[in-house]
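A.B. asks: Let me give you the structure first, and then I'll get to my questions.
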Amino acid sequence: MIPRTRAAWHGLTTTALVLAVCAVVAAFAFGALVRARAELSPLTGRTRGEVTGVDQKVWTVDVSWVLSSGRRVAATVPLEAPPPETGVAVLVAYDPANPSHAVIPGAALVAEADRASGELLFVLVVMVLVAVISAWRAATRVRLPRRHVESVSMRRIRVQKGLLARSWLETERTPRRWIPVYFDPSLVVLATPSPVRLYGDPWRDRLVAAEIAGTVLYPSGPVTKAEPRGRRVDNPSQVDDSVRSRAVTTRGAVRQTRADAALVVPAPLVGLLWSYVDGGGFPSWLAATLISAALALWLAALRGSDPS
């Protein structure tokens with residue numbers, strides 16, 4: 001059973017977002033693939049033809065060839081890449097019932113079918129990976145509160161590294177250990193140091209959960225022996241009204257979304273790079289941007305982003 005915690009809500013919401021965005025993109029890619037294959041399926045004739053005309057501005061070629069009946073036919077074929085020179089021999093796939101409907105290697109119709117099938121496969125792989133990783137995360141953490149409990153003096157630190165901030169629990173006892181935990185407002189009002197109930201032994205176990213003010217905090221990663229890198233901020237030794245007020249402001253989804261929004265900033269650049277490589281233009285850019293943005297929010301939830 002999935003625990004009803006802030007981390008579970010955050011993870012389920014972002015996982016659902018990724019799957020929903022991927023499903024929409026997959027539906028469009030599947031539709032494009034079906035339409036392209038419907039146009040390609042009648043092209044059962046095969047022969048060798050000759051390029052008789054080239055339009056470099058719109059990347060089209062005129063191709064002619066001789067049918068088995070001896071009749072010469074011609075077709076204009078839009079291309080995805082720069083056209084070959086006039087007089088070059090090319091392979092031609094054509095519709096025997098309508099020879100003017102034909103393609104050659106590099107045809108836009110063939111490229112569209114390949115692009116759609118590639119995008120569909122990629123999106124399905126992303127969906128499977130996100131679902132498997134999310135399920136694995138939940139399965140490896142849901143049983144942690146059943147372990148033995150011990151009280152350990154700890155301090156909460158917030159570490160900012162790049163665009164992502166995370167909460168850690170640091171042991172007072174040496175050798176020091178650092179436990180990354182999913183954020184909860186109870187962390188903000190944890191005085192330094194304070195006794196914390198731990199489910200597991202941070203000096204022996206890889207994953208250790210904590211309990212603060214009756215709230216179970218699940219680990220966002222394994223216990224580490226090295227201090228986390230980044231800009232560190234320690235909780236104060238005394239909690240006053242200003243700290244309590246700050247804790248209240250971190251409870252809502254809006255604050256969490258605003259904190260994670262910084263990770264979405266590179267998404268349009270990722271989409272631009274993808275559309276350049278893929279050659280799909282604006283639709284490919286939009287699909288890649290949406291998937292990148294959704295994955296960024298999902299990764300923030302997976303890593304335990306701290307909005308405080």
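Read-outs: derived from the displayed coordinates by stated rules, not from any lab. Given the structure is predicted, the values throughout are model-derived calculations rather than measurements. Backbone-built Cβ (ideal geometry, glycine too); neighbour counts: all protein chains shown.
A.B. asks: As an exercise, use a Förster radius of 45 Å and the Cβ-Cβ distance of Asn98 and Val128 to find the FRET efficiency, rounded to the nearest 0.05.
C.D. replies: After rounding to 0.05, the efficiency reads 0.65.
A.B. asks: For the modelled label position 7 Å from the Cα of Thr249 along Cα-to-Cβ, which residues of region 176-192 have backbone nitrogen atoms closer than 18 Å?
C.D. replies: Those under the cut-off are 184-190.
A.B. asks: Next question, about the same structure. Mind listing which trypsin sites (Lys or Arg not before Pro) in region 6-71 are in a DSSP loop and have 14 or fewer other Cβ atoms within 10 Å?
C.D. replies: Lys57, Arg71
A.B. asks: Looking only at region 119-138, which residues have a backbone nitrogen under 14 Å from a spot 7 Å from the Cα of Phe28 in the C-beta direction?
C.D. replies: Output list for this probe position: 119-120, 123.
A.B. asks: Then there is this: Taking neighbour counts of Cβ atoms within 10 Å as a proxy for exposure, in what order, fewest first, do Ile133, Ile104 appear?
C.D. replies: Going from sparsest to densest Cβ surroundings: Ile133, Ile104.
A.B. asks: Separation between the Arg303 and Trp9 pseudo-spin-labels, each 7 Å from Cα along Cα→Cβ, expressed in nm?
C.D. replies: 2.3 nm
A.B. asks: What value, in deg cm²/dmol to 500, does the helix sum -39500 (n - 2.57) over DSSP H runs of n ≥ 4 give at 222 nm once divided by the residues of the chain?
C.D. replies: Counting only the DSSP helices, I get -13500 deg cm²/dmol.
A.B. asks: Using the charge dipole of the chain (Lys, Arg: +1 at Cβ; Asp, Glu: -1 at Cβ; taken about the Cα centre), state which of Pro175, Ala29, Val110 has its Cα farthest towards the positive end.
C.D. replies: My answer, from the dipole projection, is Pro175.
A.B. asks: List the relative contact order of region 152-308 as a percent without decimals, with contacts defined as Cα pairs under 8 Å and 6+ residues apart.
C.D. replies: Across region 152-308, relative contact order equals 27 percent.
A.B. asks: Helix 267-278: angle to the longest alpha-carbon principal axis of the chain, degrees 0 to 90, nearest 10?
C.D. replies: 30 degrees
A.B. asks: State the extension gain, in nm to one decimal, for the chain segment bounded by Ala74 and Ala89, taking 0.36 nm per residue of separation less the distance between their alpha-carbons.
C.D. replies: Taking Ala74 through Ala89 to full extension adds about 4.0 nm, to one decimal.
A.B. asks: Taking the 0 to 90 degree range and rounding to the nearest ten, how far is the long axis of helix 6-40 tilted relative to the main principal axis of the chain, both from C-alpha atoms?
C.D. replies: Taking Cα atoms only, the helix is inclined about 0 degrees.
A.B. asks: If I take all pairs of Cα atoms in the chain, what percentage of them are more than 32 Å from each other?
C.D. replies: Roughly 48 percent, rounded to a whole number.
A.B. asks: Using the 2.2 N^0.38 Å rule of thumb for compact globular proteins, work out how region 43-106 stacks up: its C-alpha Rg over that value, please.
C.D. replies: Normalised Cα radius of gyration, region 43-106: 1.02.
A.B. asks: What ranking of Phe122, Phe183, Phe28 emerges when the number of other C-beta atoms within 10 Å of each C-beta is taken as an exposure proxy, fewest first?
C.D. replies: In order of increasing Cβ crowding within 10 Å: Phe28, Phe122, Phe183.
A.B. asks: Sort Met127, Met154 so the one with the fewest other Cβ atoms within 10 Å of its own Cβ comes first.
C.D. replies: Fewest to most other Cβ atoms nearby, the residues stand as Met127, Met154.
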